[in-house]
Amino acid sequence: MLADNEVVEFQLENGLKVLLKPVHSAPVASNWIWYRVGSRNESPGKTGISHWAEHMMFKGTPTFPKGNIMRLVNKNGGTLNGFTSLDYTAYFETLPADRLDLGLRIEADRMANSVFDPEEVESERTVIISEREGSENSPNFLLREELMALAFRAHPYGHQVLGWKEDLRQITHDDLWTHYKTYYGPHNAVLIVVGDIDVNAIHARIQDLFAPIPAGPPPPLVSAIEPAQTGERRVLVRQQGTAQYFQAAFHVPQASHPDNFALMMLDALLAGASPMTFGGGSTPTHRSARLYKALVETELASRAGCGYNPSIDPGLFHFYATVREGRSLDELEAALWDEIRRIQDELVSEEELLKAHKQAKAQFAYALESVTNQALWLGLMDIVDSYTRFHTFLDDLVTVSAADVQRVAQTYLVETNRTVGWFVPTENAQQEGPNMEYTAND
Amino acid sequence: MTDQTLNAPIGPHTIRRFALSNGIKLIVHENHVSPSAVVRGHLWAGAINDPPEKMGQSSFTAYTVRRGTTTRSFQEINELVESVGASVFVNGGRHLINFGGKSLAEDFDLLVDVLSDVLLNPNFPQDEVDKARGQIITSLKELENNTRGLASREFRGLLYTLDHPYGRPSDGTLESVPLIRRDDLERFYRAHYRPDGATIVVVGDIQGDVVRDTLERAIGGWQPSGDVPGFEVPETHPLTERRRYVRTMTNKTQADIVLGTVGPARAAAEYYAARLGDVIFGRLGLMGRLGETVRDQQGLAYYAHSGLEAGLGRGPWSVRAGVNPANVDQAIESILVEIARLRDEPVTDQELEDGQDYLTGNLPLQLETNEGIASTLLHMELHQLGEDYITRFPYLMRAITKEQIQAAAQKYLDPEHYALAIVGPYEEQG
């Protein structure tokens with residue numbers, strides 16, 4: 001008999017990797033499929049194609065015609081979603097445990113039989129462009145897009161997951177179909193089920209549903225290697241607006257690199273241990289962290305933080321802030337570099353490290369409350385490195401010393417390795433006055 | 001079709017009720033599957049208590065109570081709470097001050113200590129008030145450049161007018177917030193923060209009796225005014241005209257629109273029918289009928305969904321959509337067609353069943369985390385739904401008929417009389 005909270009791992013002959021984790025705390029189960037494809041696998045002219053393919057896989061199969069996937073999951077009391085990131089495309093269904101089979105059937109079916117109807121491709125083109133245009137309304141999206149494009153010269157991490165609008169206008173049905181056939185097979189996927197399950201029964205069911213799906217040839221490797229940055233890069237975005245925004249990014253190594261844990265600890269010390277929950281309440285712990293004290297408490301920024309998302313290939317350690325009304329980007333930037341110098345020059349105290357450990361312990365415990373969260377974290381970690389890191393996460397963090405933190409700050413958070421972005425509202429930010437109309441209906 | 005009888009994990013057999021000596025209602029549900037504890041509660045005050053010239057006062061007060069007490073500074077509070085990975089919040093809503101927090105169960109005493117301190121002993125340090133005001137003003141400035149946020153704000157103003165507390169932005173405006181002084185916050189606090197009628201819910205890896213003792217020590221001595229807040233729902237009137245607001249922002253690529261009417265209150269007889277109707281209209285699957293026509297068939301929008309904000313009073317029943325500027329008129333037309341269809345024809349048997357299945361089947365997911373349980377229990381208490389509500393809910397939903405949904409749509413939705421806000425790169429024709 002398998003103990004609760006242990007992960008059972010196996011692989012089907014067609015290459016599908018499967019992770020099952022029984023958790024019997026509530027009568028629910030979460031089913032996830034992770035494809036090892038994202039914007040990282042996109043070439044110039046085809047940016048945004050993974051995200052578009054993700055949408056198309058909601059457009060139905062002969063067994064689950066268009067609209068049926070979402071409707072059936074909801075009808076069975078479940079929630080679902082799909083999302084595309086740099087390194088992966090993931091779908092999940094979280095369902096009452098006795099309905100889990102529906103999720104498995106949907107994922108097996110759309111892996112093999114998604115239709116990609118040419119008319120649907122065209123109507124989805126408008127939706128995809130509309131999604132991008134909604135994001136373009138946000139100054140921070142525009143700034144981040146410029147920043148990433150500037151930080152990466154050779155590697156596909158330089159374009160957004162949503163893709164360039166020009167590419168979205170000209171990607172064809174055939175492009176999407178080829179992309180689907182290349183990357184969305186069992187040989188390039190991880191299936192994860194966490195929840196109130198009987199492992200043996202689910203194991204057998206997965207065998208039935210997924211084993212008949214043929215493996216494709218191995219997908220092309222991403223060979224681009226980002227050359228080392230040799231000098232600061234800067235971008236200034238000017239647009240009508242009402243606030244000034246700051247972002248900066250430093251190149252850091254891939255998730256499997258030994259410095260990964262020290263970078264996570266650096267992130268926690270600067271901005272609090274990140275909440276590990278998803279779609280639920282979060283427990284922020286940033287107000288006693290260094291960046292908040294240095295930038296928000298001093299009234300330079302109304303909001304400030306940093307982020308580090310481990311990735312398959314070398315990625316970015318990101319900083320962001322919104323300038324307080326009446327203050328300047330110059331002042332804010334200088335204060336941020338001072339704060340970074342402080343963590344490079346002085347060892348953090350043992351007490352501060354212990355605090356970060358305790359925060360991480362709490363965030364981890366909160367994350368375990370939801371089977372959806374657990375499956376999410378197993379998947380995220382397996383995509384960029386190995387799922388086994390989920391269970392050793394807290395122990396791994398404890399191994400990071402003050403000297404490690406100082407060393408990674410000194411190694412990566414340096415001027416020659418940074419890209420800086422400013423969003424400056426143009427002076428005539430006055431929009432046309434609102435037009436208000438009351439129509440009497442007679 | 002058979003009703004699935006929930007093997008209710010939460011009900012009279014798990015809920016423990018206590019009264020603190022000052023009358024605060026305490027509701028506890030023990031859940032030992034995770035080592036955390038969650039607190040949720042409310043006091044009876046909110047933006048409806050703000051005078052029109054002091055819009056945002058209640059929200060500003062809530063934002064500031066946790067920024068310093070008679071014995072602890074803002075930084076000390078943050079350090080204390082965050083050192084153990086806990087959190088404490090106080091938010092000013094429209095009718096209620098919502099508060100709460102989360103911690104590991106081993107730190108529950110600390111959580112309660114800090115939460116009660118910020119509720120009972122805030123001292124509104126002048127420098128913290130000034131910092132908070134600056135942050136609020138910056139976020140209000142950011143809102144001026146946020147199409148989605150502006151469309152929502154202007155929609156409310158249009159629907160209820162600024163003369164009505166539901167029409168005024170509860171966070172205040174760039175005109176009102178700079179005028180709110182420290183004394184205003186303290187005055188609001190003294191007048192409205194009191195334990196009369198308050199409820200606290202605790203869920204997690206804790207023992208009911210211990211929770212009661214801990215809270216009694218921390219907050220039981222808070223003196224009630226003896227004046228149980230007589231909550232009066234401000235009167236609302238359905239529109240008798242079309243109201244349209246357009247803000248042209250040429251620097252944007254997408255227009256956000258909000259279109260809607262005054263919906264039912266949570267206590268309305270038609271609430272459950274309206275809720276089911278809303279699910280069919282713009283939520284189920286990929287945003288219900290709206291998603292199917294506006295997004296999927298016509299490809300007009302990335303998102304187009306509906307929402308029912310039925311609370312103590314009559315909140316809006318509205319549709320939100322993000323649309324390419326060239327498609328705005330067509331999208332509005334499609335939305336109005338869908339509103340008319342929900343009124344003119346009964347929903348199909350299939351839609352009714354799908355909606356019922358979703359709302360009843362989804363309950364276990366909502367009750368998975370301690371936050372989910374605590375929010376549900378607080379909602380049940382606020383609206384006096386009874387401890388067996390979770391068991392009864394599927395029956396309530398299954399009893400709704402197609403005719404009731406149609407009647408609710410006819411009563412509350414209206415394709416002729418509505419408020420519509422459009423914000424983005426769109427210009428009014430003619």
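The values are calculated or read from the model by the stated rules, or taken from the named source; none is laboratory data. Keep in mind the model is a prediction, meaning the values are calculated, not measured. Methodologically, a virtual Cβ is constructed for each residue, glycine included, from the backbone with ideal geometry; neighbour enumeration extends over all protein chains shown.
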Note to self: Restricting to the stretch B:324-364, and then to whatever is away from chain A (no Cβ under 13 Å) and not in a helix (DSSP H, G or I), can you tell me which residue is nearest to A:GLY134 (Cα to Cα)?
What the structure shows: B:VAL347
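Filter the stretch B:330-341 down to the residues that are of a type in the set (D, E, K, R) and touching a residue at least 40 places away in the same chain (Cβ under 8 Å) and list them by number.
Initial filter on the stretch B:330-341 (of a type in the set (D, E, K, R)): B:333, B:338, B:341.
Listed by number, the residues that qualify are B:GLU338, B:ARG341.
For the stretch B:120-140, give me each residue that is among the polar types (S, T, N, Q), more than 8 Å from every other protein chain (Cβ to nearest Cβ) and farther than 14 Å from B:TYR189 by Cα. Spell out how you get there, then give the answer.
As a first pass, look at the stretch B:120-140 and keep what is among the polar types (S, T, N, Q): B:121, B:123, B:126, B:135, B:138-139.
Retained after the next criterion (residues that are more than 8 Å from every other protein chain (Cβ to nearest Cβ)): B:121, B:123, B:126.
Hit for the stretch B:120-140 is B:GLN126, nothing else.
Being closer than 24 Å to A:GLY216 by Cα and within 14 Å of chain B (Cβ to nearest Cβ): is that true of A:ASP98 here?
Values: closer than 24 Å to A:GLY216 by Cα: no; within 14 Å of chain B (Cβ to nearest Cβ): yes.
The answer is no for A:ASP98.
Quick grid of which residues meet (1) among the β-branched types (Val, Ile, Thr); (2) out of contact with any His (no Cβ under 6 Å at 6 or more places or on another chain); (3) within 21 Å of B:GLN135 (Cα to Cα):
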position: B:LEU43; (1), (2), (3): no, yes, no
position: B:GLY46; (1), (2), (3): no, no, yes
position: B:THR64; (1), (2), (3): yes, yes, yes
position: B:THR71; (1), (2), (3): yes, yes, no
position: B:LEU80; (1), (2), (3): no, yes, no
position: B:VAL88; (1), (2), (3): yes, yes, yes
position: B:GLY93; (1), (2), (3): no, yes, yes
position: B:LYS102; (1), (2), (3): no, yes, no
position: B:ALA105; (1), (2), (3): no, yes, no
Margin query: Which of the numbered conditions does B:ALA37 fail, given that it passes all the others? Conditions: (1) aliphatic (A, V, I, L, M); (2) within 14 Å of another protein chain (Cβ to nearest Cβ); (3) assigned to a helix (DSSP H, G or I).
Written below: (3)
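Filter the stretch B:224-255 down to the residues that are part of a strand (DSSP E or B) and either of a type outside the set (Phe, Trp, Tyr) or at pLDDT below 95 (or both) and list them by number. Give the derivation first.
To start, the set of residues in the stretch B:224-255 that are part of a strand (DSSP E or B) comprises B:241-248, B:255.
Those that are part of a strand (DSSP E or B) and either of a type outside the set (Phe, Trp, Tyr) or at pLDDT below 95 (or both): B:GLU241, B:ARG242, B:ARG243, B:ARG244, B:VAL246, B:ARG247, B:THR248, B:ALA255.
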Margin query: Can you report the number of residues in the stretch A:21-68 which are over 30 Å from B:LEU367 (Cα atoms), among the hydroxyl-bearing types (Ser, Thr, Tyr) and either over 21 Å from the mean Cα position of the chain (by Cα) or modelled with pLDDT under 95 (or both)?
Written below: 2
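Quick one: is B:GLY93 at positive phi and in the same structural domain as B:MET55 (by TED's automatic domain parsing)? Spell out how you get there, then give the answer.
Working: at positive phi: no; in the same structural domain as B:MET55 (by TED's automatic domain parsing): yes.
Against the criterion (at positive phi and in the same structural domain as B:MET55 (by TED's automatic domain parsing)), B:GLY93 does not qualify.
Among the helices (runs of 4 or more DSSP H) confined wholly to the stretch B:365-430, which include 3 or more residues that are within 30 Å of A:ASP196 (Cα to Cα) and in contact (Cβ under 8 Å) with a residue 12 or more places away in the chain? Lay out the reasoning, then the answer.
Details: elements: B:370-382, B:389-398, B:402-412.
Where helices (runs of 4 or more DSSP H) fall fully within the stretch B:365-430 and carry at least 3 residues being within 30 Å of A:ASP196 (Cα to Cα) and in contact (Cβ under 8 Å) with a residue 12 or more places away in the chain, they are B:370-382, B:389-398.
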Margin query: Can you report the number of residues in the stretch A:62-82 which are more than 7 Å from chain B (Cβ to nearest Cβ) and in a helix (DSSP H, G or I)?
Written below: 4
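I'm trying to understand the selection: among the residues of the stretch B:294-320, which are assigned to a loop (DSSP other than H, G, I, E, B) and either among the β-branched types (Val, Ile, Thr) or in contact (Cβ under 8 Å) with a residue 24 or more places away in the chain (or both)? Outline the logic, then answer.
Going through the stretch B:294-320, the residues assigned to a loop (DSSP other than H, G, I, E, B) turn out to be B:298-300, B:309-315.
Those that are assigned to a loop (DSSP other than H, G, I, E, B) and either among the β-branched types (Val, Ile, Thr) or in contact (Cβ under 8 Å) with a residue 24 or more places away in the chain (or both): B:GLN298, B:LEU300, B:GLU309, B:ALA310, B:GLY311, B:LEU312, B:GLY313, B:ARG314, B:GLY315.
Consider A:ALA228 carefully, then state whether it is among the small types (Gly, Ala, Ser), surrounded by 18 or more Cβ atoms within 10 Å (Cβ to Cβ) and assigned to a loop (DSSP other than H, G, I, E, B). Working first, answer last.
Details: among the small types (Gly, Ala, Ser): yes; surrounded by 18 or more Cβ atoms within 10 Å (Cβ to Cβ): no; assigned to a loop (DSSP other than H, G, I, E, B): yes.
It is false that A:ALA228 is among the small types (Gly, Ala, Ser), surrounded by 18 or more Cβ atoms within 10 Å (Cβ to Cβ) and assigned to a loop (DSSP other than H, G, I, E, B).
Would you say A:ASN200 is of a type outside the set (Asp, Glu) and within 13 Å of chain B (Cβ to nearest Cβ)? Quick ask: steps written out before the conclusion?
Details: of a type outside the set (Asp, Glu): yes; within 13 Å of chain B (Cβ to nearest Cβ): no.
So A:ASN200 does not fit the description; no.
Quick check on the stretch B:260-280. Is at least one of its residues in contact (Cβ under 8 Å) with a residue 12 or more places away in the chain, more than 10 Å from every other protein chain (Cβ to nearest Cβ) and over 30 Å from B:ALA399 (Cβ atoms)? Lay out the reasoning, then the answer.
To start, the set of residues in the stretch B:260-280 that are in contact (Cβ under 8 Å) with a residue 12 or more places away in the chain comprises B:260-268, B:270-280.
If we keep only those that are more than 10 Å from every other protein chain (Cβ to nearest Cβ) as well, we get B:260-268, B:270-278, B:280.
Narrowing further to those that are over 30 Å from B:ALA399 (Cβ atoms): none.
No; the residues of the stretch B:260-280 include none that is in contact (Cβ under 8 Å) with a residue 12 or more places away in the chain, more than 10 Å from every other protein chain (Cβ to nearest Cβ) and over 30 Å from B:ALA399 (Cβ atoms).
Out of the stretch A:234-256, which residues are in a loop (DSSP other than H, G, I, E, B), away from chain B (no Cβ under 14 Å) and crowded, with 19+ Cβ neighbours inside 10 Å?
From the stretch A:234-256, those in a loop (DSSP other than H, G, I, E, B) are A:240-244, A:253-256; that's our starting set.
If we keep only those that are away from chain B (no Cβ under 14 Å) as well, we get A:253-256.
Passing the criteria: only A:ALA255.
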Notebook entry, point to check: Residues of the stretch A:135-150 being free of Cβ contacts under 8 Å to residues at least 60 places away in the same chain, more than 9 Å from chain B (Cβ to nearest Cβ) and closer than 18 Å to A:ALA321 by Cβ, which ones?
Noted result: A:PHE141, A:GLU145
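Could you list, in sequence order, the residues of the stretch A:290-310 that are small (Gly, Ala, Ser) and either buried (at least 22 other Cβ atoms within 10 Å of the Cβ) or part of a strand (DSSP E or B) (or both)?
Going residue by residue through the stretch A:290-310, those that are small (Gly, Ala, Ser) are A:294, A:301-302, A:304-305, A:307.
Hits for the stretch A:290-310 are A:ALA301, A:SER302, A:ALA304, A:GLY305, A:GLY307.
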Next item on the list: Name every residue in the stretch B:307-327 that is more than 25 Å from the chain's Cα centre (by Cα) and crowded, with 23+ Cβ neighbours inside 10 Å, in order of residue number.
Entry: B:VAL323, B:ASN324
Check: Here are some conditions: (1) part of a helix (DSSP H, G or I); (2) surrounded by fewer than 19 Cβ atoms within 10 Å (Cβ to Cβ); (3) touching a residue at least 24 places away in the same chain (Cβ under 8 Å); (4) not hydroxyl-bearing (Ser, Thr, Tyr). B:GLY221 meets all but one. Which one does it not meet?
Finding: (1)
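Checking the structure you have, find out if any residue of the stretch A:33-44 is away from chain B (no Cβ under 13 Å), within 17 Å of A:THR372 (Cβ to Cβ) and touching a residue at least 12 places away in the same chain (Cβ under 8 Å). Don't jump to the end; show me each part of the working.
Pass one, the stretch A:33-44, residues away from chain B (no Cβ under 13 Å): A:33-44.
From what's left, within 17 Å of A:THR372 (Cβ to Cβ): A:33-34.
The next check asks that each one be touching a residue at least 12 places away in the same chain (Cβ under 8 Å); those that pass are A:33-34.
Looking for residues that are away from chain B (no Cβ under 13 Å), within 17 Å of A:THR372 (Cβ to Cβ) and touching a residue at least 12 places away in the same chain (Cβ under 8 Å), one finds at least one in the stretch A:33-44, hence yes.
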Check: Among the residues of the stretch A:34-42, is any part of a strand (DSSP E or B) and surrounded by 22 or more Cβ atoms within 10 Å (Cβ to Cβ)?
Finding: yes
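For the stretch A:338-442, give me every one of the helices (runs of 4 or more DSSP H) that falls completely inside it and has 1 or more residues that are at pLDDT below 90. Let's see the steps before the verdict.
Working: elements: A:350-367, A:371-384, A:388-398, A:402-412.
Answer list for the stretch A:338-442: A:350-367, A:388-398.
Pick out, from the stretch B:58-170, the helices (runs of 4 or more DSSP H) lying fully within it that include 2 or more residues that are in contact with a helix residue (DSSP H, G or I) (Cβ under 6 Å, 6 or more places away or on another chain).
Numbers: elements: B:74-82, B:108-120, B:126-143, B:147-160.
Passing ranges, in order: B:74-82, B:108-120, B:126-143.
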Check: Just one of B:PRO346, B:PRO415 is at pLDDT 95 or above and surrounded by fewer than 17 Cβ atoms within 10 Å (Cβ to Cβ); which is it?
Finding: B:PRO346
